[in-house]
1. At E83 and A308, where each label point lies 7 Å from the Cα along Cα→Cβ, what is the point-to-point distance in nanometres?
2. For E132 paired with D211, estimate the spin-label separation in nm (one decimal), with each label point 7 Å from Cα along the Cα-to-Cβ line.
3. What figure, in Å² to the nearest 10, do you get for the accessible area of R164 with a 1.4 Å probe and non-protein molecules left out?
4. Along the Cα-to-Cβ line of K19, 7 Å from the Cα, sits a label point; which residues in the stretch 43-57 have backbone N less than 11 Å from it?
5. Among all lysine pairs in the chain that are eight or more places apart or on different chains, how many have alpha carbons less than 25 angstrom apart?
6. If r is the Cβ-Cβ distance from H61 to N40 and R0 is 22 Å, what FRET efficiency results, to the nearest 0.05?
7. Any idea which of S348, A311, A201 is furthest toward the positive side of the dipole for the chain, if Lys and Arg beta-carbons carry +1 and Asp and Glu beta-carbons -1?
8. Can you give me the relative contact order of the chain as a percent, contacts being Cα pairs under 8 Å and 6 or more apart?
Amino acid sequence: PFKTIVKALSQGSKTIAVKADANGTIYTEDVVSIGGGKNNMVMIGVGPTRPILAGSIDIVHCYDCTFEDMELRYPDPAHFAPESYPDGAIDAVHNYRNVWRNIRFSAPHGLPSGKRLATCHHGYDNLFIDIEVADLKLMPAADGTASFDLLNWGDHGSGSQFIRVTWLGPLSLTGPAPQNGGVQFLRIGGYTGTFPKGVSAVRNLLIGGFDLQSVLPQGSFTAMDFWYYFDAEFKGGLMVANNTLADATGTNVTYVALNYPYNTDLRFVGNIFGPATAPATGVSSNAALQITYSDFFGVANNVSGSAALGAGTIQTDPQFNADYTIPGNSPCANSGNPNWTDPDGTISDMGAFGGPMAE
């Protein structure tokens, strides 16, 4: 059932429409390889159901392109030798100003240790919007290594935006659990330099109930990891706003880890951190950081390093509904950034369903 979609593209605007078969799946090992400076391309899923591309999209030098309305599934590892596992359902190099919209990432057949759902080297100013992560099966290596970065825009990823990203579950494991390991859900990093000057941002991300301990009893979990390794005169900055990170389990849980050895503009506002299994940290930062209008609840350490609680922070039960929305009487309702409004015009709530980017 395995096929390859091959489309030769000249430079300039082109559209690839991808339609699923009757069961909604296109079974491929290598979905499509796009390279050589393709600009303004659109790859869109078409049909009554969102097509599932069970393979790896290999993209090189793709600028101002759009990918939307698809499920990108890590290919079945059984079809590859371990040394040939694809790096990700997206494997991108030198890609600027691309848009990924209404995409689901999954790995129901197994995500090998050391591989990712999406990975990019040099991925400036990319926009991910309305993203789901679901059906994730972790596959430790034969030597017991179990290290997983799910969405990794961590090398030269400055200026990238992740808006309305949701973890849906379930989470499972192939084989016996190793003695250690860990998962990083989202990683953004790179230059604080002149290209780009845009702000990296994560807004309205919802990771609720990421139960790593049930599958990796000795595993650690980090929801967001941010890092820079190069300084320059102009700096893009970072905004982490209106996110909900709750009910994660692991031997160690860190909801946000920030490694910024250089000064830049950092804004953490309107977030809900916790609860989590102990030991857990809400925000760990080696840079001076004032966190505002956010709630910390049920984490052993609210902040560590150079992070501090600023104006409007509270430490109380957000009273989540089952879907991690908050009721009208929640202490997090109408308690976010007072200069922002929710879509209904009221003062912004804390958490993933609050603020200007909420739906």
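The values are calculated or read from the model by the stated rules, or taken from the named source; none is laboratory data. Source: prediction; values computed, not measured. Glycine also receives a Cβ, built like all others from the backbone with ideal geometry; neighbour counts cover every protein chain displayed. Protein only, heavy atoms only, side chains kept; ligands, DNA and RNA dropped before computing areas. Shrake-Rupley method; radii C 1.70, N 1.55, O 1.52, S 1.80 Å.
1. Output for this residue pair reads 5.4 nm.
2. A separation of 2.0 nm, rounded to one decimal place.
3. R164 exposes around 50 Å² with every protein chain in place.
4. Flagged as within label range: 46-48.
5. Counting lysine pairs in the chain gives 12.
6. 0.95
7. Among S348, A311, A201, the one farthest towards the positive end of the dipole of the chain is A201.
8. Answer for the chain is 9 percent.
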